[in-house]
Structures are given as structure tokens and as C-alpha cells.
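The structure appears right after this line, and notes come after that.
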Amino acid sequence: MATATIDSPDTHAADGHDEHHTSTGISNTKLAMWAFLGSECLLFGGLISTYLLYKTRRGPGPDNTTIPTDIFDIPFTSVSSFVLLMSSLTMVLALSALTRGDNQATRAWLLSTAMLGGVFIGGQVYEFTSFLREGVGFTHNPASSAFFTLTGFHGVHVSLGILMLMSLYVASKQGKLTPKHTETVEIVGLYWHFVDVVWIFIFTVIYLIPVE
Amino acid sequence: MAITEEPLALTSGEATTVERPLGALTRPKGGNGWRDWLSTVDHKKIGIMYGVAAMFFFVVGGIEALLIRLQLAAPDGQILSAEVYNQVFTMHGVTMVFLFIMPLAAAFANYLIPLQIGARDVAFPRLNALSFWVWISGAIFLNTSWIVGGGGADCGWFCYSPNSGLAFSPSNGVDFYVIGLQIAGIASLVSAANLIVTVLNMRAPGMTLFRMPVLTWMLLVTQFLLLFALPVITVALFLLMFDRLFDAQFFNPETGGDPLLWQHLFWIFGHPEVYIIILPSFGIISEIIPTFSRKPIFGYSFMVFSGIAIGFMGWGVWAHHMFVSGIGPFSVAAFSLSTMFIAVPTGVKILNWLATMWGGKLRFTTAMLFAVGTVAMFTIGGLSGVTHALAPADTQQTDTYYIVAHFHYVIFGGGVLGLMGGLYFWWPKVFGHCLNEFWGKVHFWVILIGFNLTFGPMHVVGLQGMSRRIDTYAAGYGFEFWNLVATIGSFIIALGVLIFFFNVWKSRRDAVNLPAPGPDPWDARSLEWMVPSPSPEHNFDAIPVVESEDEWWHRKYGYDENKRVVRIATVEEAAQDGSATGVHLPAPSFWPLVLALGLPLIGYGLIFNLWLAVVGGALTGLAIYSWALEPVDDPDADHGHGHDDHHDDDDGGGDDHAADDSEPVTAGAEGGE
């Protein structure tokens with residue numbers, strides 16, 4: 001047997017907090033975000049299944065028989081969906097600007113991503129209130145409960161994304177967001193794109209597949 | 001064999017890998033007082049806290065179990081009213097599943113995964129602390145319903161709707177169940193992501209996936225199950241919460257709601273949950289049995305792949321809990337088949353354990369007794385499980401004590417016995433002294449006898465038709481004798497648990513007069529036995545370079561020219577002495593605790609007064625932002641130091657750089673090949 005001797009820990013680089021070696025080559029934070037998004041798939045899977053089961057469940061009547069698909073406005077939501085999808089583009093542009101070290105452009109694209117998300121949320125609030133005006137609230141019947149829960153959960157996800165984007169914006173404003181942090185922006189971007197992709201499914205399920 | 005020159009820096013991978021902190025808040029320094037436990041991010045301390053808290057809730061759930069058995073000891077039991085009985089059996093199940101077995105498995109996962117893969121900590125130490133604090137705040141929240149919620153939840157641990165609705169369960173107990181489990185679920189989800197990243201990303205050089213110990217593999221599969229199962233029950237719990245607190249219409253059949261939706265969502269979570277409970281125990285005995293058989297695990301890759309197979313197939317059997325719910329003959333047939341199939345990888349495991357013992361040099365220590373007991377008891381539970389994979393038989397057995405007998409053989413016999421064995425096995429590693437073997441064996445036999453006396457008779461009364469969840473039964477159905485036996489058995493289990501606590505106390509008291517167990521008291525096989533007992537805060541002096549499965553064993557043993565196993569190094573030569581200083585460790589933080597305090601406030605707020613929820617939400621938000629802005633380390637402690645940025649939490653301020661360049665670290669560098 002052999003016993004080797006090494007010098008005590010002086011081998012690690014001066015900036016010990018920089019990119020650490022990982023077994024997979026993917027950084028810990030990014031891998032954790034992927035794991036989290038995998039989990040989120042099942043969350044939205046459960047909510048979408050619930051909606052699919054309940055989408056035509058009108059109440060026993062007489063004044064709770066309206067379901068969301070009776071009164072929704074497809075063109076309106078199509079526009080707000082388009083707005084949300086475009087925010088994925090601006091998110092990519094923000095990341096690319098930060099990689100180039102262009103802080104001004106980074107902030108501009110971060111802000112526009114957040115604003116596009118905000119427009120989407122505004123559209124959702126408008127839709128919810130118009131439903132309420134028609135008397136179709138959260139407690140109206142199983143279909144409306146499922147509709148508000150599914151779109152509401154998605155809306156909360158978008159709102160949290162906006163909060164993250166604005167935090168990045170403020171950090172950049174304070175000069176704390178440098179090209180070293182591209183991965184932070186990339187990870188927020190992963191979340192943002194995921195929320196967009198989920199909306200494609202939700203939009204299809206609720207608005208595009210006709211209800212008999 | 002080459003010794004590593006890996007940097008000793010902890011590859012902690014905190015939220016952002018910034019060089020300069022984004023904020024300017026300082027982080028608490030380590031110490032040894034209570035503050036240190038509240039702010040620690042050390043995976044070993046967190047593991048110990050999980051273990052202690054889990055044992056506390058084991059006692060709570062055990063007392064609830066004894067109340068149930070007292071009530072049923074004789075016909076027409078009068079000890080509990082029907083209402084209280086419902087609450088007690090519900091909280092017994094919830095406590096044992098979510099507050100005992102899962103956190104005890106989490107204790108092993110936290111303590112052992114980094115040590116077994118050759119890492120210094122988990123990938124996200126602060127998130128790890130968060131998991132513990134969130135879990136315990138959820139656990140306490142759940143149990144406060146006894147005091148402020150008008151009693152515990154009374155809907156059974158799976159809380160079927162519409163029983164769980166306001167009409168049949170008007171107290172706040174179910175609200176506490178719903179929110180408490182959501183809080184505990186957040187903890188498990190965070191922990192799952194954290195440990196998955198740890199296993200995938202933080203392995204020592206040479207520690208390929210298929211050199212990992214079986215325990216680490218089984219825990220990895222468990223974390224994936226948690227990652228994907230928890231969001232499903234989260235959906236179910238949200239729907240129920242919306243129904244109860246905000247008048248949504250999900251589970252009210254009168255307005256078109258569908259109670260069956262709850263059953264599907266619950267069991268899509270609930271069946272993987274069974275494997276979440278059992279796989280850690282399988283992993284533990286897969287470490288114990290080879291060690292005390294002096295043989296490598298038989299069919300390592302089969303062992304790993306059968307665990308993975310169980311993980312996948314566990315998703316395709318949930319409706320066997322619903323054979324009598326009217327899901328239709330096609331579904332019943334399909335789920336009946338898939339349930340029989342899942343017995344195959346489980347059987348593979350049992351055969352491999354037996355083959356590992358076959359021809360081995362067996363040493364029946366307490367840990368080994370528990371491991372063998374696990375195999376035997378789980379086999380009984382597995383076989384009765386196959387009997388209700390047959391849908392026609394299951395139709396007769398559903399909701400009888402036969403089912404109660406089955407799942408206790410699986411969960412207590414398969415899960416808890418294995419975890420107990422793990423306690424005896426790793427106790428010296430964690431606390432630096434072994435548990436007393438004599439009292440350990442007494443503990444084992446008392447538990448084993450009590451267990452079989454309690455749950456064996458339930459097969460009989462179940463097949464005679466005794467329903468579960470009834471608060472009492474009339475004389476004359478032939479239930480009396482076996483129920484009395486079961487009650488006596490349950491008190492024998494309680495005696496066994498007391499013997500365990502006595503053993504803990506006695507072993508600790510006696511330890512001062514006994515020689516220290518050293519790094520490797522059992523002549524074991526995996527990397528955690530390479531470091532001193534108790535394991536030093538920095539785990540490894542130098543990160544080992546792994547060259548084979550059972551790495552630690554191969555550092556001690558080689559082969560002579562006749563291919564016979566020969567000792568090539570003593571433990572002292574091969575082990576590390578834990579003397580490294582100046583190892584960079586993650587700094588402690590109070591924010592995980594603060595964040596965790598906000599969540600139960602939100603819970604109380606949702607139930608009683610929304611303003612409280614606002615306060616809780618504000619506290620949580622404050623904690624999240626303070627956390628994000630918290631520097632990765634105390635900037636004054638290391639940055640700007642000309643040489644490097646190490647500091648050692650153990651040593652505090654002054655001397656932490658002293659040993660940086662000077663003291664050589666000796667690391668056992670031994671290869672069997």
C-alpha cells in the first residue's frame with residue numbers, strides 16, 4: 001500500500017466562487033431549475049387534467065349553468081397569447097445583450113419582457129372581470145372553478161416571472177448584473193420560456209379545442 | 001494509486017456563483033451554541049435534526065396508534081368517541097407517513113449522500129436548511145389543529161372526498177391537513193431538487209453513477225419520485241383547499257363535482273409515495289447486508305436497475321387502490337396486471353439480498369438482524385400485496401383489516417425496520433459511539449415479536465370481514481380474541497421503542513469508558529467509513545479519487561496471486577484523520593428559518609384571518625430577498641486575503657488561515673487493484 005501526501009488546500013483558484021467543476025458539466029443552479037421545471041410539468045398536468053374533466057360541467061341550474069367557453073373571447077385572448085409568446089423573444093435578446101456586455105440593451109430587453117408579461121396579465125385580469133360581470137365567478141360551477149384555477153395558477157407563474165425580471169432589472173441598474181451573471185439571466189429565461197410553453201398547451205386546451 | 005489534488009473548496013454552487021456579493025448583509029458565523037443549530041447549513045447537522053424530529057413524531061404517532069388499539073382491544077370500546085377516533089386514526093397515518101418515515105429517510109439522505117459520493121456538502125446548503133425548517137414548521141402547523149383547529153383531520157390519511165368536504169368534516173382539521181401537507185410538500189420538493197443535483201453533479205472524481213453505493217441510488221430514485229409525485233398531490237390539496245375555504249366546486253357531487261378526481265390525484269401521488277417510503281429502506285439494507293456478509297452486493301446493476309424499474313412502474317399502478325370505486329373492467333384489468341408486474345423487480349431485490357448472504361461470512365449484529373428482518377417481513381407484506389393485485393380478491397378485502405395488515409407489513413416491516421437497522425449501522429459514524437449491541441438485539445426481538453403480534457392477527461380479522469376505520473365492533477363476530485392479541489402486540493412494540501430510547505441513553509453514557517469505534521467499526525464498504533467518526537465538518541480531508549465500486553473496501557483489501565482476498569491496509573492507514581484545516585465551507589444563514597416561519601403564518605391566515613396571511617407573505621418575501629442578497633460568504637472573513645479565500649467555520653476568525661500552506665494532509669491512498 002502507499003500513502004500519498006498532499007499539500008493542504010491551496011490549490012483552488014483565487015476566485016473560488018466562480019464556475020465550479022460539476023460531474024455533469026451543467027451548473028448546479030441550472031440543473032436544479034430543470035428539475036424544478038420537470039416538477040412543474042406535473043403540476044400543470046394535474047391542473048389541465050382537472051380542467052379537461054370539468055370543462056363542460058355546468059351546475060344544476062338555473063343560474064349557474066354558464067361555462068367559461070360560452071362567453072370567452074377567442075380573438076382577445078389570442079392577441080394576449082401572442083404578446084406573451086413575443087416576450088420569449090425579448091427574453092432571448094436580453095440574454096444575448098448581457099453576453100455582449102451591453103448593459104443598456106440588457107435592461108431595455110428585460111424591461112420589455114416584463115412589460116409584455118404585464119400586458120398578458122392585464123389581459124387576464126380584464127378577462128376575469130368580464131367573466132365576473134357575466135356572473136361566472138370562481139364558485140359558479142365546476143367548469144368555472146377549474147378554469148379560474150388553471151389560468152390563475154398560470155397567471156401567478158407569469159407574475160412571479162415578472163418579479164424576477166424586475167429584480168434583475170434593478171440589479172442591472174445598480175451595476176450588479178455583469179456578463180459573469182449571464183447564467184442567472186439564462187435560468188430566469190428558462191423559467192420564463194417554460195411558462196410560455198405551458199400557456200401554449202393551456203390556450204389550446206381551453207380556447208382552441210371546441211367544446212361540444 | 002494517485003491521490004487527488006482536487007481543491008478542497010466546497011463546490012457549493014450557491015444560488016449565483018458571484019465573486020462579489022450582490023448585497024451587503026453579513027452571514028452568521030458558525031459556533032457551537034443553539035444559534036449554530038438554527039443557522040446551520042451543514043448537511044450532517046440537518047440530517048441529525050431531521051432524525052431527532054422524526055423520532056419525536058414517531059412517538060406522537062405511536063401514542064395515537066396505542067389509543068386506537070386500546071379502543072379496539074375489546075368489543076364496544078369506550079375510550080374514544082367516534083369523532084375523536086376518526087381524528088386519531090387519521091392523524092396516526094398522516095404523522096407516521098409524512099412526519100416520521102419520510103423525514104427519517106430524509107435524515108439518512110441528508111447525512112449520507114454527500115459522504116457516499118465523496119462531496120463536502122449538498123449542492124445547495126441553504127436550501128437544505130430551508131427544507132428542514134419548512135418541513136418542521138409544516139409538521140408543527142399540522143399538529144396545532146388539535147389545539148386551535150377543533151381537533152385533528154378526520155377524513156383518513158387519504159382524505160377521500162366528499163368526506164373531506166365541509167358538509168361531513170366541518171371542523172378546521174381538514175384545513176390544517178391540506179395546508180400542513182402543502183407546507184411539508186414544499187420542503188420535500190426543494191429537498192428532492194437539491195439532492196438530485198447533488199448526486200448528479202457533486203460526485204468525487206471517478207465516482208461514476210454505476211460506482212455509487214446502492215443506498216445513494218435508491219435515494220436518488222426516491223428523490224425523482226418525490227419530484228414528480230408531489231406536484232400531483234399539491235394540485236389535489238389546492239383543489240380541496242379552494243373547495244373548503246373559497247367555495248369552489250371541485251368535489252361537491254351536488255353541483256357536478258367529481259369525488260373520483262380526488263382519488264385519482266391522490267393515488268397518482270400516493271402509490272409512488274409507497275416507494276418513496278420503501279426505497280430508502282431497501283437502500284439501507286443493501287449497505288448492511290453486504291457489510292455483514294463480507295461479500296459485495298450480489299448483482300449490483302440488477303439491484304440498481306430493479307430500483308429504477310420500481311421507480312418507473314410505481315407510476316402505473318395507482319388505480320389498484322380504486323378497484324371498488326367503479327373505474328370499469330378495462331381499467332381494473334390493466335391495473336391488476338401492472339400491479340402483478342411490479343412484484344418482479346421487488347422479487348429481484350429480495351433474491352439478490354439472499355444471494356448476497358449465501359455463502360457469506362455472516363455476522364448477526366443488530367443492524368444485520370434488522371436488515372434480515374426487513375427482508376422477511378417485507379416479503380410477507382409483498383405477498384399479501386400480490387393477493388390484492390387480483391381484483392376479485394381485492395373486492396372482498398378492500399377496507400378490511402386485511403389491507404391494514406398488508407400495508408403495515410410493507411411500511412413498518414419493510415420501511416421502519418430497515419430504517420432502524422440504518423440507525424444502528426450509522427450511529428457510530430454520526431455520534432462517535434456504537435449503540436449497545438445487547439440492548440440493540442433486545443430491541444430488535446421485542447419489536448419483531450410485537451410487530452407480528454400486532455399486525456399478523458389483522459390478516460385474520462380482515463378476512464373475517466372486520467372493516468377498517470370503525471371505532472368499535474360488537475361482540476359475537478369472532479373479532480375479540482385477535483383484536484386483544486393485536487392490542488397486546490402494539491404495547492410490546494411500544495416497549496421496544498422505549499428500549500431503543502434507553503439504549504440511546506445508555507450507549508451514550510457508557511461511551512466514555514469504551515474505546516472509540518474508529519472510522520470503520522463494521523469493516524464496511526463505502527466512502528463514509530473512510531472519514532473519522534463522528535464525521536468532521538468538512539467530511540473529507542482530501543476528496544478521494546474513486547476507482548471502483550465499494551471503493552473503501554478496495555482500499556483495505558486486495559487479492560494475492562491465488563485470487564484470495566488479503567488485507568492490504570489497516571483502517572488507520574487507509575482512513576483519513578479529519579485533520580485538514582482551512583477547508584472552505586458554506587457559511588451559515590438564518591434566512592431559511594425566517595422563510596420557514598412565514599409559511600405557517602400564511603396557513604393560519606388562510607384559515608382564520610387573511611391579514612395574518614399578509615404578514616406571513618411579507619415575512620416570506622422579506623426572507624427570499626434577504627436570502628438572495630446575502631453574500632455567499634462573510635466578505636470580511638476571506639475576500640481580500642492575499643493568498644486565497646478559505647476560511648474554516650470551525651476555527652472561527654483568527655486562526656483559520658494559519659494552516660493553509662503548511663500542514664500536510666495525509667490521506668489514505670490505497671487501491672486494491
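So that you can scan it fast, the table gives a plain yes or no per residue for (1) out of contact with any helix residue (DSSP H, G or I) (no Cβ under 7 Å at 6 or more places or on another chain); (2) on the phi < 0 side of the Ramachandran plot; (3) β-branched (V, I, T); (4) part of a loop (DSSP other than H, G, I, E, B):
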residue	(1), (2), (3), (4)
B:I63	yes, yes, yes, no
B:Q71	no, yes, no, no
B:Q78	yes, yes, no, yes
B:Q87	no, yes, no, no
B:M91	no, yes, no, no
B:V94	no, yes, yes, no
Among the residues of region B:290-309, what is the count of those that are crowded, with 24+ Cβ neighbours inside 10 Å and more than 23 Å from B:A109 (Cβ to Cβ)? 0
Do we find a residue being under 30 Å from A:A143 (Cβ atoms) and aromatic (F, W, Y) anywhere in region B:267-278? yes
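Working only within region A:160-189, note down all residues that are of a type in the set (S, T, Y) and within 12 Å of chain B (Cβ to nearest Cβ). Even if it seems obvious, please write down each step before you answer.
Looking only at region A:160-189, we keep the residues that are of a type in the set (S, T, Y), and these are A:167, A:169, A:172, A:178, A:182, A:184.
Selection gives A:S167, A:S172, A:T178, A:T182, A:T184.
Okay, residues lined up against (1) crowded, with 24+ Cβ neighbours inside 10 Å; (2) without any contact (Cβ under 8 Å) to a residue 60 or more places away in the chain:
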| position | (1), (2) |
| --- | --- |
| B:M218 | yes, no |
| B:L227 | no, yes |
| B:L230 | yes, yes |
| B:F246 | no, yes |
| B:N252 | no, no |
| B:L260 | no, no |
| B:I288 | yes, no |
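Each row is one residue, and each column tells you yes or no for (1) surrounded by fewer than 24 Cβ atoms within 10 Å (Cβ to Cβ); (2) more than 11 Å from every other protein chain (Cβ to nearest Cβ); (3) in contact with a Phe, Trp or Tyr (Cβ under 7 Å, 6 or more places away or on another chain); (4) touching a residue at least 12 places away in the same chain (Cβ under 8 Å).
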{"residue": "B:S171", "(1), (2), (3), (4)": "yes, yes, no, yes"}
{"residue": "B:V178", "(1), (2), (3), (4)": "no, yes, no, yes"}
{"residue": "B:G185", "(1), (2), (3), (4)": "yes, no, no, yes"}
{"residue": "B:G206", "(1), (2), (3), (4)": "yes, no, no, yes"}
{"residue": "B:F210", "(1), (2), (3), (4)": "yes, yes, no, yes"}
{"residue": "B:L215", "(1), (2), (3), (4)": "no, yes, no, yes"}
{"residue": "B:T222", "(1), (2), (3), (4)": "no, yes, no, yes"}
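Out of B:F269, B:F282, which single residue is assigned to a helix (DSSP H, G or I), at pLDDT 95 or above, in contact with a Leu (Cβ under 8 Å, 6 or more places away or on another chain) and buried (at least 21 other Cβ atoms within 10 Å of the Cβ)?
Numbers: B:F282 fails: in contact with a Leu (Cβ under 8 Å, 6 or more places away or on another chain).
Criteria check complete, one pass: B:F269.
Conditions (1) aliphatic (A, V, I, L, M); (2) under 24 Å from B:A623 (Cα atoms); (3) in a helix (DSSP H, G or I), marked per residue:
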| residue | (1), (2), (3) |
| --- | --- |
| B:A119 | yes, no, no |
| B:S131 | no, yes, yes |
| B:F168 | no, no, no |
| B:I186 | yes, yes, yes |
| B:N194 | no, yes, yes |
| B:L226 | yes, no, yes |
| B:A229 | yes, no, yes |
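Restricting attention to region B:349-358, does a residue exist that is β-branched (V, I, T), surrounded by fewer than 19 Cβ atoms within 10 Å (Cβ to Cβ) and farther than 12 Å from B:S293 by Cβ? Reasoning before the result, please.
Let us first name the residues in region B:349-358 that are β-branched (V, I, T), namely B:350, B:356.
If we keep only those that are surrounded by fewer than 19 Cβ atoms within 10 Å (Cβ to Cβ) too, we end up with B:350.
Next, from what is left, pick out any that are farther than 12 Å from B:S293 by Cβ: B:350.
Looking through region B:349-358, at least one residue is β-branched (V, I, T), surrounded by fewer than 19 Cβ atoms within 10 Å (Cβ to Cβ) and farther than 12 Å from B:S293 by Cβ.
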Here is a list: A:L42, A:L47, A:L85. Which entry is closer than 16 Å to A:G155 by Cα, facing chain B (nearest Cβ under 7 Å) and within 23 Å of the chain's Cα centre (by Cα)? A:L47
Single match in B:L362, B:L354, B:L369 (criterion: in a loop (DSSP other than H, G, I, E, B) and either under 30 Å from B:Y424 (Cα atoms) or not small (G, A, S) (or both)): B:L362
Looking at (1) part of a helix (DSSP H, G or I); (2) crowded, with 24+ Cβ neighbours inside 10 Å; (3) facing chain A (nearest Cβ under 7 Å), can you tell me which one B:A236 breaks? (3)
Within region A:163-197, of all residues that are assigned to a loop (DSSP other than H, G, I, E, B) and not β-branched (V, I, T), the one farthest from A:T99 (Cα to Cα) is A:Q174
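Residues to consider are B:L417, B:L435; find the one that is buried (at least 22 other Cβ atoms within 10 Å of the Cβ) and outside any helix (DSSP H, G or I).
Working: B:L417 fails: outside any helix (DSSP H, G or I).
Going through B:L417, B:L435 in turn, the sole match is B:L435.
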The listed residue being surrounded by 24 or more Cβ atoms within 10 Å (Cβ to Cβ) and either in a helix (DSSP H, G or I) or touching a residue at least 60 places away in the same chain (Cβ under 8 Å) (or both), out of B:F425, B:F451, B:F407: B:F425
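Quick one: which residue in A:I67, A:I74 is away from chain B (no Cβ under 14 Å) and β-branched (V, I, T)?
Matching residue, one of A:I67, A:I74: A:I74.
Evaluate region B:558-567: report whether one residue or more is away from every other protein chain (no Cβ under 12 Å), aromatic (F, W, Y) and surrounded by fewer than 23 Cβ atoms within 10 Å (Cβ to Cβ).
Initial filter on region B:558-567 (away from every other protein chain (no Cβ under 12 Å)): B:559-565.
Now narrow it down to the ones that are aromatic (F, W, Y): B:559.
Imposing the further condition that a residue be surrounded by fewer than 23 Cβ atoms within 10 Å (Cβ to Cβ) reduces the set to B:559.
Yes; the residues of region B:558-567 include at least one that is away from every other protein chain (no Cβ under 12 Å), aromatic (F, W, Y) and surrounded by fewer than 23 Cβ atoms within 10 Å (Cβ to Cβ).
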Residues in region A:119-136: is at least one touching a helix residue (DSSP H, G or I) at 6+ places or on another chain (Cβ under 7 Å), of a type in the set (S, T, N, Q) and modelled with pLDDT of 95 or more? yes
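The values are calculated or read from the model by the stated rules, or taken from the named source; none is laboratory data. The structure presented is a predicted model; accordingly, all values stated were derived computationally and were not measured. Cβ atoms come from the backbone with ideal geometry, glycine included; neighbour counts cover every protein chain shown.
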